[in-house]
1. Do we find that residue 279 is touching a strand residue (DSSP E or B) at 6+ places or on another chain (Cβ under 6 Å) and more than 28 Å from residue 21 (Cβ to Cβ) in this structure?
2. With the structure loaded, tell me whether residue 39 is small (Gly, Ala, Ser) and either without any contact (Cβ under 8 Å) to a residue 24 or more places away in the chain or touching a Leu at 6+ places or on another chain (Cβ under 6 Å) (or both) or whether it fails that test.
3. How many of the residues in the range 187-231 are in contact with a Gly (Cβ under 9 Å, 6 or more places away or on another chain) and either assigned to a helix (DSSP H, G or I) or not polar (S, T, N, Q) (or both)?
4. So in the range 224-276, with the set limited to residues that are within 16 Å of residue 115 (Cβ to Cβ), at pLDDT 95 or above and not assigned by TED's automatic domain parsing to the domain that holds residue 295, which one is surrounded by the fewest Cβ atoms within 10 Å (Cβ to Cβ)?
5. State all residues of the range 328-349 that are in a loop (DSSP other than H, G, I, E, B) and under 10 Å from the mean Cα position of the chain (by Cα); if no residue qualifies, say none.
6. State all residues of the range 296-349 that are of a type in the set (Lys, Arg) and under 25 Å from residue 235 (Cβ atoms); if no residue qualifies, say none.
7. Only helices (runs of 4 or more DSSP H) wholly contained in the range 53-170 count here; list those with 3 or more residues that are out of contact with any helix residue (DSSP H, G or I) (no Cβ under 7 Å at 6 or more places or on another chain), at negative phi and in contact (Cβ under 8 Å) with a residue 40 or more places away in the chain.
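The values are calculated or read from the model by the stated rules, or taken from the named source; none is laboratory data. The structure presented is a predicted model; accordingly, all values stated were derived computationally and were not measured. All Cβ positions, even for glycine, are placed from backbone atoms using ideal geometry, and neighbour counts span all protein chains on display.
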Amino acid sequence: MFHPKTYTVESVTNGHPDKVCDQISDAILDECLKQDSKSRVAVESFGGHGFLVIGGEVTTNAKVNYKKIAENVYREIGYRDNLKIAVNVSQQSPDIAQGVDTGGAGDQGIMYGYATAETPQFLPAGIVIAHQLTSGLENLRKSKSISWLKPDGKSQVTMNGGKIKTILVSCQHSDKISQAEIKKNLVKKLIAPIAGKTDGIEILVNPTGKFAIGGFESDTGLTGRKIMVDTYGGLIPHGGGAFSGKDPTKVDRSAAYMARFAAKNLVANSFAKKCLVTVAYAIGRAEPVMIEAINEKNQSLRKIVVKNFDFRPKAIIEYLNLRTPIYRQTAAYGHFTNPALSWEKIINF
């Protein structure tokens, strides 16, 4: 139910161009919320080939140095080349604000939340493994356990009947290392510790044969372009809305978090082994136009959800404490993998 026995999912490192943009946008959001918890933020970043554009709308009392934040994020990720940065951020439309000010949704939209008892993370195993591989690349690079690793990278995992069929890892590397040495090191220090025995697993490392040029030097990045990496790998539906750079009045972020929170807790409290929660909104209206939840047997759990979870935007923000500067940490390796985040907490009801 919800996803086939055979499937493939992917993840990317925090140095992937799209994820660089996500982290810049969420770092800007965090700074706005740090200074003004009621900030309204919708910021996009677009970068590539030495140039970065930051654009969007804000309503805030915060004084934000957008260029400095972007430069700091870029350096902290591990890049050392210089960026030319253009900023075009304006005030949010009052036509949107008038509906949100009363507690209504910041836009129309459909959001999904999912959980499964398959793993301790309440996510499909392939998604967990894919994120472990990419975050593992970052850890090996920053700890200097592998000196030739650079920030850009990807993973892809194919599962068949609950077992790993194929692992693919692409990593940016220095120009002086051979592909044979790269594969040997990654199998030993990354893949084997995560997958366990590698017998019977097809392992592909840098299948193009070389990945010395990466990041903005080789490609463009854009906020919100990795929504499947952010959520459930495409194994369940996605409403379409991206997360990064958006404050919690935007229900495509906050309601997706609440839907995940509800789904995870329905599974954790044994109402389902797998659970899909769906919610939909009309702009300016607080009450959702639809709430539904189903388990692995396609049975409705809607009554349990409505009784225990309040999906009005203002209630979500308050319950999950979303007006705090917590968002940059979500902008790499999935929004549903950190147990310390409020929407990942387990409650009893």
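1. No: the conditions fail for residue 279.
2. Yes: the conditions hold for residue 39.
3. 18
4. If we take residues in the range 224-276 being within 16 Å of residue 115 (Cβ to Cβ), at pLDDT 95 or above and not assigned by TED's automatic domain parsing to the domain that holds residue 295, then 235 is surrounded by the fewest Cβ atoms within 10 Å (Cβ to Cβ).
5. Residues satisfying the conditions are 331, 332, 333, 334, 335, 336, 337.
6. 297, 302, 345
7. On the way: elements: 66-77, 94-100, 125-142.
Once the helices (runs of 4 or more DSSP H) in the range 53-170 are filtered for at least 3 residues that are out of contact with any helix residue (DSSP H, G or I) (no Cβ under 7 Å at 6 or more places or on another chain), at negative phi and in contact (Cβ under 8 Å) with a residue 40 or more places away in the chain, what remains is 94-100, 125-142.
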